[in-house]
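> One structure follows; several queries about it will come next.
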Amino acid sequence: MQKSTLIKLYTQNTHTRPVPWTLAGLSQGEWIDTVLKPLLAAFSGCKASLEAPYRGQKTRSPATASDVWEYIGKIRLEMGIHTRPGGRRYDSYDSRDRPSHDVPLFWLGLPVDGATALITLAPRARRWGDYFDPEQLSQYLHEENAVRYLHSQHDLLALLAGIGEGLNGDLLAIQKKNRVRSLQTSAIKAQVQQIANTEGFAFKVETSSRFIIILIRLESGNQLRISIPFTQFESALPELHDAVTRLLSLNRRRISFRTEQCRHYGHDAGWNEPQPTADPTITGV
């Protein structure tokens with residue numbers, strides 16, 4: 001989900017002014033166990049769970065701090081349910097296939113007879129993509145619009161529902177991309193299989209986040225690796241047969257090659273640059 005979309009959701013469903021959180025006679029810990037956790041268990045937008053602070057993590061404001069806060073944990077929202085061909089559901093272990101977002105929660109003391117507010121942090125208040133450290137909260141408390149107040153259970157549910165809807169959209173986009181890539185990989189495998197039947201070699205087809213990877217087993221005990229960007233699939237497919245057969249021909253003559261990143265030592269000395277060719281229409285003086 002784009003950061004701008006997340007910021008909009010937080011702005012729409014949270015507030016900049018503090019309001020005491022209603023606990024209905026429960027302690028903060030009792031409210032978490034008897035209200036918040038069952039609420040998340042029953043949440044239907046996506047998988048939602050409260051991840052408690054890890055052992056040894058700082059959860060309270062320093063004794064010298066003017067703001068009294070306590071870290072509750074983070075609500076983990078995750079879309080991880082997929083359907084394999086045939087309809088069987090499974091949990092994906094690849095994080096790229098599991099759109100997720102963390103909503104950190106804190107109790108913040110208010111100067112009203114020991115009242116507390118429930119707060120979270122706007123996405124732009126955190127270093128994007130980094131692990132969130134509750135110890136950073138003290139500096140965020142005084143940044144404009146960094147701390148967002150949840151006035152009611154309705155606010156919390158609305159925020160989670162909006163994020164869940166966005167994650168679901170991300171999941172559908174990922175599934176569509178994976179279907180396209182699966183078809184591309186199948187087409188590559190079918191063409192390499194035809195070449196392998198003719199040339200007599202074993203091969204594997206693998207994928208990474210950006211490439212279709214063809215591994216060809218060579219008689220020398222080595223393997224030939226060909227990486228094709230998914231974005232170049234259509235242009236590479238017609239040329240694949242010639243490329244594989246020529247590479248195998250070179251290998252049989254004990255000619256091999258590999259690609260590697262250039263080493264930038266000094267001023268890149270030693271390179272032979274291309275020379276301009278003479279224009280045959282120009283005669284010498």
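The values are calculated or read from the model by the stated rules, or taken from the named source; none is laboratory data. No experiment lies behind these values; they were computed from the predicted model shown. Note: ideal-geometry Cβ built from the backbone for every residue, glycine included; neighbour counts use all protein chains shown. We work out accessible area using only protein heavy atoms, side chains counted, and drop any ligands, DNA or RNA first. Shrake-Rupley method; radii C 1.70, N 1.55, O 1.52, S 1.80 Å.
> Find the residue count for the range 209-262, including only residues that are touching a strand residue (DSSP E or B) at 6+ places or on another chain (Cβ under 6 Å) and among the β-branched types (Val, Ile, Thr).
6
> Can I ask one more? Could you tell me how many of the residues in the range 20-51 are outside any helix (DSSP H, G or I), surrounded by 13 or more Cβ atoms within 10 Å (Cβ to Cβ) and aliphatic (A, V, I, L, M)?
Adding up the residues that qualify gives 4.
> While we're on this one: Would you be able to tell me the number of residues in the range 197-206 that are open to solvent by 60 Å² or more (accessible area, probe 1.4 Å) and at pLDDT below 90?
3
> What's the number of the condition Val192 fails, among (1) open to solvent by 70 Å² or more (accessible area, probe 1.4 Å); (2) touching a residue at least 12 places away in the same chain (Cβ under 8 Å)?
Val192 satisfies all of (1) open to solvent by 70 Å² or more (accessible area, probe 1.4 Å); (2) touching a residue at least 12 places away in the same chain (Cβ under 8 Å) except (1).
> Hey, another quick one. When you look at Val180, is it farther than 29 Å from Lys47 by Cβ and either in contact (Cβ under 8 Å) with a residue 12 or more places away in the chain or open to solvent by less than 100 Å² (accessible area, probe 1.4 Å) (or both), yes or no?
So Val180 does not fit the description; no.
> Residues to consider are Gln261, Gln232; find the one that is assigned to a loop (DSSP other than H, G, I, E, B), closer than 30 Å to Asp97 by Cβ, without any contact (Cβ under 8 Å) to a residue 12 or more places away in the chain and under 28 Å from the mean Cα position of the chain (by Cα).
Going through Gln261, Gln232 in turn, just one is assigned to a loop (DSSP other than H, G, I, E, B), closer than 30 Å to Asp97 by Cβ, without any contact (Cβ under 8 Å) to a residue 12 or more places away in the chain and under 28 Å from the mean Cα position of the chain (by Cα): Gln261.
> If you don't mind, another one. Counting only residues that are modelled with pLDDT under 80 and either within 22 Å of Leu40 (Cβ to Cβ) or open to solvent by less than 70 Å² (accessible area, probe 1.4 Å) (or both), how many does the range 70-89 have?
Final tally of qualifying residues: 5.
> Residue check: is Ile213 touching a Ser or Thr at 6+ places or on another chain (Cβ under 8 Å) and more than 30 Å from His101 (Cα to Cα)?
For Ile213, the condition - touching a Ser or Thr at 6+ places or on another chain (Cβ under 8 Å) and more than 30 Å from His101 (Cα to Cα) - is met.
> Continuing with the same structure: Taking the range 207-235 only, how many residues are within 14 Å of Ser186 (Cα to Cα) and surrounded by 13 or more Cβ atoms within 10 Å (Cβ to Cβ)?
8
> Are any residues in the range 192-210 in a helix (DSSP H, G or I) and under 37 Å from the mean Cα position of the chain (by Cα), and if so, which ones?
Val192, Gln193, Gln194, Ile195, Ala196
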